[in-house]
Amino acid sequence: MTAPLQFDLAKQSVRDVNQFLHHDLRESGASRVEILNPDGNHSIAAGLDADVSVDIRGHAGYFIAGMNKRASVTVHGNVGWSVAENIMSGAVRVRGHASESAGASGHGGLVVIEGDASSRCGISMKGCDIVVGGDVGHFSAFMAQAGRLVVCGDAGPNLGDSLYEATIYVRGGIDSLGADAREEELQQDDIEQIANLLTAAGFDYDAREFKRVASARELYHWNADAHQEY
């Protein structure tokens, strides 16, 4: 296997690295890129649109691999807010923990958080799949419109608040459900979907141990008699 093309953020700027990934990667012929010393920098490997594998060796900041398309990005550490925000396709994996809003507004692709994800994981997701190996914080999948969130640990308060057509699967405990979210019976199709996502994420859990949370669909239309109580 060809050695990866290396960038060192102790010596180069994030702007320079992203400039290469956006404009010069194809001509270089590189299929693997390694980014050293991320040191909490923000927006590393954001806006990719190429069939490339990127390894970020260390902890990174906000908006890592945002707007990802086609690329496979792995962070070997923890990340700040909004990792894989607005992901379109490809895959983003965090081998540590993620701060708030992981996978926010994601349209497609796969996001894997091997540790815990903080609050609002999957907020407004629009078709991506998110698999969290640990726990998620409050208001996860808030206003999630499409896609699947799989939580192998526990879920914090107000899970799935204002949920639309996304589906949430939780293996552990659920502190509380948000407005218009409800627990439903797990079906065979759910079990198969969970099993496939766990395999893709590299987790070895029994898909039958998960609970299904979906929308009760009472917020689809305005109800003046509800007095803001749902």
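Computed from the coordinates by the stated procedures, all read-outs in this text should not be read as laboratory data. The structure displayed is predicted, hence computed values, not measured ones. FYI the Cβ positions are ideal-geometry reconstructions off the backbone, even for glycines, and counts take in every protein chain you see.
Here are some notes:
- In sequence order, calculated HN-Hα J values of the range 110-125 (Karplus, 6.51, -1.76, 1.60; Hz; x Gly/Pro): 10, 10, 10, 10, 6, x, 8, 10, 6, 5, 6, 4, x, 4, 6, 4
- Residue-by-residue Karplus 3J(HN,Hα) for the range 130-147, coefficients 6.51, -1.76, 1.60, Hz, glycine and proline x: 10, 10, 10, x, x, 9, 10, x, 5, 6, 5, 6, 4, 6, 5, 9, 7, x
- In angstrom, the C-alpha Rg and Dmax of the range 118-187 are 10.2, 28.
- Choice from L48, L36, L177 showing the highest fluctuation, given a GNM over the chain with Cα pairs closer than 10 Å: L36
- Among S82, S105, S31, residue whose mean-square fluctuation peaks in a GNM of the chain (springs only between Cα atoms under 10 Å): S31
- Net charge of Cβ neighbours under 9 Å - reference R212; Lys, Arg +1; Asp, Glu -1: -3
- In Å, descending, principal axis extents of the Cα set of the chain: 60, 38, 26
- In range of the label at Y220: residues from the range 158-190 whose backbone nitrogen is under 11 Å from the point 7 Å along Cα→Cβ: 165
- Of the residues H22, H138, H59, the one that moves most in a GNM of the chain with alpha-carbon contacts below 10 Å is H22.
- Amide H contacts of V150 (H built 1.01 Å from N, under 5 Å, at least 5 apart or other chain): I130, V131, V132, Y169
- Spatially, the range 91-126 and the range 155-192 are offset by 16 Å when compared through their Cα centroids.
- Helix-only arithmetic for the chain: the sum of -39500 (n - 2.57) across DSSP H runs with n ≥ 4, divided by the residue total, places the mean residue ellipticity at 222 nm at -3000 deg cm²/dmol.
- Calculated FRET value between S89 and R32, using beta carbons and R₀ = 22 Å, to 0.05: 0.75
- Counting beta carbons within 10 Å around each of H107, H221, H23 and listing the fewest first gives the order H221, H23, H107.
- The listed peptides 159-168, 120-129, ordered by packing as a protection proxy, come out as 120-129, 159-168 (highest mean of other Cβ atoms within 10 Å first).
- Computed from backbone phi with θ = phi - 60° and the Karplus coefficients 6.51, -1.76 and 1.60, the 3J(HN,Hα) list for the range 27-41 is 5, 6, x, 6, 10, 9, 10, 10, 10, 9, 6, x, 6, x, 5 Hz; x is used for glycine and proline.
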